[in-house]
Every structure is written in structure tokens, then in C-alpha cells.
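**Student:** What follows is a structure written as C-alpha cells; I'll ask about it next.
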Amino acid sequence: MASTKSPKDVSWLSHYIPTYQGIKNFVGDVFPSEIMAVGEPPEKTAVESKDSVLKKPVYKMKPVPKVSGKSVHSRWYWPFAAGVLALEVISVYAMFFIKLQRATGIFMVLYGILSGLCITAGYHRLWAHRAYKASLPLEIFLAVFGASSIQGSIIWWVQNHRLHHRYTDTERDPYNIKRGFWYAHHGWILFRRQEDELGYADMTDLHANKVVIWQYNYYFFISALTSMILPTVVCGYFLGDWVGGFFWGACARIAGVQQITFCVNSVAHTFGTQPYSDEQTPKDNWITGIVTLGEGYHNFHHAFPNDYRNGVRWYDIDLTKWILWGLEQLGLAYSLKRFPRNEIMKGRATMKLKRAERFAKRVDYGTPVEELAMFTESEFVAEVKERGRKWLVIEGFIYNVEDFIEMHPGGPKLIKSGIGKDMTNAFNGGVYNHHYSARNLMNSTMRVGKII
């Protein structure tokens, strides 16, 4: 008889892992209120025009309260602060006092890449942005090993990231780069933010995801198993390096993956280029892209957030993109979202035009056409014959060539012969078809009037 179990039914997993509630009751909820949507929806009112029945919602957001330095330090987020700082201290200790064996080092790097990919492909592109859909086995795998770098549960991580995208560079951005590089990289995770400092993030899709809720309920055990116990046992039992397994395979690996993830919040908002948008701080940086498994193409990501690619060009070093494409070929991932190529090109074109406009503002184009003096043909001839002006006409504009006669690449004779005449035909190919450089030089340094 065919099974009636839903393809997303993961309740069977709960039988193999003890309940998390007892530990939560003892140490407190490490991630308070994370199972709920962050903050409250913005206040909304419907306003109707007298001339139309169309409703026009008006959204209002309370200003973020100012917090004194003293109260900030009194709100240390102790569970995370203690854990993150302890891992960093242990890692530094290992660098000086614990020998790194070759086999352990290889394991640390490979398992670190796996941990990072579960963050980038799972926490970030699958759950935070819904950039693709995953089969149940892949979703469980990403949920389990996504916990191996101790970056919080899926719900906690995703809600912060969605807040970051909605409120980028504002006081409601959890890792707001405007508060400084250190705050965006590391400081934000050390302090607890109050409810009135948060914005609103819609989390209803994840509340309905059984894998996500299962990971949340048993996060402590899943994380302990995959982050500390598994690497220590693998290195100890199979490689004969129990000490190195703990210090390098577990602690140093976790700290390294965390720091690499934090670089997306800090480095990718500080250094690099902005080929798609410059309204906010995100930057594209191929070096950061290598280190973060593809997350360094952050300008593209903020412009097109639900595209499964961060490095959209084929040569962009986005390992996560290539992994997801491979999983799609295997049938483990599907419905990979791709922004239309035309819209991506439009973003690049817009930025190139903006840069061209900024560059053009630094260039002297001479007196604007609307500010030029106006002359009739008879007035022009009189200026040349009676006042000795060294003027000629090209395409209806009057040019003073007095200081250019001896500089003319074709010699002074032709210039002198054209004084007092309309030399449009000669200029446009009758004698020589002049380049834009010649036109620009004339317009910026010689143009003095216009024939009417």
C-alpha cells in the first residue's frame, strides 16, 4: 500500500533526538521570540480619495529609539557573545600550542567548506530568499549541517537576514554598516536588540516548513553533534588525532566559517564595485567571493536578491551557484530562479550611464548653446570684414579660430581661406571628415555664437 506520509513530514526524525524543551527551560531560550515574526507589521491605514474608490495604504514606522552607550553594554547577548568569543580564543590558542596534522587540516578545510555551503546554499539562498526549491533529503541535509558552524537556527538566521535586506543601511538593519565596520562584522551579534529597535520580517513561510521547525526545536542537539562531536570523533577515531580534532576540526573550523560569514556583512558592504546599483552600500568583490563561496558578489545580490546566483557571469567565482546547478542536474534541487537577462543588463547599463554622467560633469563643454550670442548672416560678415574677426561657420555655429590657425593639423592655409565663410561641407568630409575630438575641441574652446 502506498505511503500516505507527506513529502515534507519529518516527524519521524524526532524519535531519534531528545526534546530540546528541557534544556531551553534550564538555560533560557537562546534565541528569544525567534519563532515569531520579528517586530510588528508597520502601522497601515487605508485612505480613500474623493475622486476615486482606489485605496491608498499609508505605512508608518516608529523611529528607532536612541540608545546610550551604557545601556548598550548592559545588553550583552551573553549566549552568543560568550560562545563566539570563546571559539575565537580557543582558535588563537590552537594556532600557537596545538600542532595541526596534515590529515586533520585537510578534514578541517573540507568540513569547513561543507559547513559554509550549507549556510550559503541552505540558510541564505534556499530559506532566506527562496531562490530555489529543495528535495526533502537535501533540505534535511542542509538543516543538519547548517547547524555545524553554530550560526543559530534557520529561523533566527533568516529573520535577521530578511531584516537586513528590508532595512539595509538603516537603524533597523541588524548589521548596519553605517554603525561602523566592526559593528557590522562582529559587534551586532554581541548585543541584544530590543523589540522597538526591530523592524518586521514576514516568517510565515518558514513557520509552515516542518524541516525548519524541527531544526529549531532540536537545534541544541543537532548543533552540538555536527559542530563539536562529529569532527572530534572523526579526527580522533579515523585519524588518531583527538586533540587536533577538537581544537582544529571543531573550534577553529567553526570560528573560521563564522568569520567568513561575517565578512559578507562588513567587507562586502565596504570594499568593491557597484555595477548594478548604488542606492545602498553593497559591493561586488571577487576576492570576497572566493572566500565566502560566492557571497562576495553582494551588489548583484541586493539588486536581484532571489536569483540563485550571486556571481551571475559564467566566470564569476561563485561555488554555491555551481553546486546548486549540479544539484539541479541530479534532481535534488529544482525551480532555480534566474532574473531576466535583460533586467540584469539594464541594471549594468543604468550604472554605466550614471558613471558617465558623473564623469561628464568634470568636463568643460564650453558655453551652453542656449547662452550663445545670436548673429544674422549680415552681422557675422560685418564682424569679420569691419572688425577683423577670425570667425568661420560650421553647422550654424560661429567659431573664433584666431588662436588655432597655427595649431591646425592640416596647416594654416585652409583655416585662413575659410574665415568669413560657411565651412560645414569642408569640415564634414569635403576636405576631411573630422573626428569627435575636433568637434569637442571647437565647441569647448572656440564656439562664440550662432547664426539665426
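**Student:** Give the residues of the stretch 176-200 that are of a type in the set (A, V, I, L, M) and modelled with pLDDT under 90, sorted by residue number.
**Tutor:** Ile189, Leu190, Leu198, listed by residue number.
**Student:** Further, regarding this structure: Quick one: in the stretch 269-310, which of the residues that are outside any loop (DSSP other than H, G, I, E, B) and free of Cβ contacts under 8 Å to residues at least 24 places away in the same chain is farthest from Glu343 (Cα to Cα)?
**Tutor:** Looking at the filtered set, the residue picked out is Ile287.
**Student:** Taking Tyr175 as the residue in question, decide whether it is outside any helix (DSSP H, G or I), surrounded by 16 or more Cβ atoms within 10 Å (Cβ to Cβ) and out of contact with any strand residue (DSSP E or B) (no Cβ under 9 Å at 6 or more places or on another chain).
**Tutor:** Taking the combined requirement at face value, the residue satisfies it.
**Student:** Output the number of residues of the stretch 107-152 satisfying the condition of being more than 24 Å from Val84 (Cα to Cα), aliphatic (A, V, I, L, M) and assigned to a helix (DSSP H, G or I).
**Tutor:** Looking only at that region, the number is 4.
**Student:** Restricting the search to the stretch 365-401, which residues are under 49 Å from the mean Cα position of the chain (by Cα) and of a type in the set (A, V, I, L, M, F, W, C)?
**Tutor:** Within the stretch 365-401, Val369, Leu372, Phe397 qualify.
**Student:** Which one of Phe339, Phe397, Phe375 is touching a residue at least 12 places away in the same chain (Cβ under 8 Å) and closer than 30 Å to Arg125 by Cβ?
**Tutor:** Phe339
**Student:** When you go through Ala103, Ala143 one by one, which is the residue that is crowded, with 23+ Cβ neighbours inside 10 Å, assigned by TED's automatic domain parsing to the domain that holds Arg253 and not polar (S, T, N, Q)?
**Tutor:** Ala143
**Student:** Anything in the stretch 342-372 that is more than 30 Å from Phe300 (Cβ to Cβ), in contact (Cβ under 8 Å) with a residue 12 or more places away in the chain and not aliphatic (A, V, I, L, M)? List them, or say none.
**Tutor:** Answer for the stretch 342-372, where residues must be more than 30 Å from Phe300 (Cβ to Cβ), in contact (Cβ under 8 Å) with a residue 12 or more places away in the chain and not aliphatic (A, V, I, L, M): Asp364, Tyr365, Gly366, Thr367.
**Student:** For Ile405, indicate whether it is surrounded by 14 or more Cβ atoms within 10 Å (Cβ to Cβ) and under 29 Å from the mean Cα position of the chain (by Cα).
**Tutor:** Answer is no for this residue.
**Student:** Taking the condition basic (Lys, Arg), part of a loop (DSSP other than H, G, I, E, B) and surrounded by 13 or more Cβ atoms within 10 Å (Cβ to Cβ), does Arg313 pass?
**Tutor:** So Arg313 fails the test.
**Student:** Here's another thing I want to ask about it. For the stretch 385-399, name all the residues that are surrounded by fewer than 18 Cβ atoms within 10 Å (Cβ to Cβ) and not basic (Lys, Arg).
**Tutor:** Glu386, Gly388, Glu395, Gly396
**Student:** Still on this model: Give all pairs with beta carbons closer than 6 Å in which a residue from the stretch 166-189 that is of a type in the set (Lys, Arg) meets a residue that is modelled with pLDDT of 95 or more and surrounded by 15 or more Cβ atoms within 10 Å (Cβ to Cβ); count only pairs at least 6 apart in sequence or on separate chains.
**Tutor:** Lys178/Asp169
**Student:** Which one is nearest to Thr288 (Cα to Cα), of the residues in the stretch 311-336 that are touching a Lys or Arg at 6+ places or on another chain (Cβ under 9 Å) and touching a residue at least 40 places away in the same chain (Cβ under 8 Å)?
**Tutor:** Looking at residues that are touching a Lys or Arg at 6+ places or on another chain (Cβ under 9 Å) and touching a residue at least 40 places away in the same chain (Cβ under 8 Å), I get Thr320.
**Student:** Right, something else. In the stretch 63-77, how many residues are surrounded by fewer than 16 Cβ atoms within 10 Å (Cβ to Cβ), touching a helix residue (DSSP H, G or I) at 6+ places or on another chain (Cβ under 9 Å) and modelled with pLDDT of 65 or more?
**Tutor:** Residues in the stretch 63-77 being surrounded by fewer than 16 Cβ atoms within 10 Å (Cβ to Cβ), touching a helix residue (DSSP H, G or I) at 6+ places or on another chain (Cβ under 9 Å) and modelled with pLDDT of 65 or more: 1 in total.
**Student:** Further question on the same structure: Which of the residues that make up the stretch 105-140 are hydroxyl-bearing (Ser, Thr, Tyr) and more than 27 Å from His186 (Cβ to Cβ)?
**Tutor:** Tyr132, Ser135
**Student:** Separate question: Has the stretch 130-143 got any residue that is in contact with a helix residue (DSSP H, G or I) (Cβ under 9 Å, 6 or more places away or on another chain), within 18 Å of His298 (Cα to Cα), of a type in the set (Val, Ile, Thr) and at pLDDT 95 or above?
**Tutor:** no
**Student:** On to the next question. For the stretch 109-132, name all the residues that are touching a Leu at 6+ places or on another chain (Cβ under 8 Å) and either outside the structural domain of Leu163 (by TED's automatic domain parsing) or not aromatic (Phe, Trp, Tyr) (or both).
**Tutor:** If the condition is that a residue be touching a Leu at 6+ places or on another chain (Cβ under 8 Å) and either outside the structural domain of Leu163 (by TED's automatic domain parsing) or not aromatic (Phe, Trp, Tyr) (or both), then Ile113, Gly116, Leu117, Cys118, Thr120, Ala121, Gly122, Arg125, Leu126, Ala131 are the ones that fit.
The values are calculated or read from the model by the stated rules, or taken from the named source; none is laboratory data. Just so we're clear, the structure is a prediction, and the values are computed from it rather than from any experiment. Methodologically, a virtual Cβ is constructed for each residue, glycine included, from the backbone with ideal geometry; neighbour enumeration extends over all protein chains shown.
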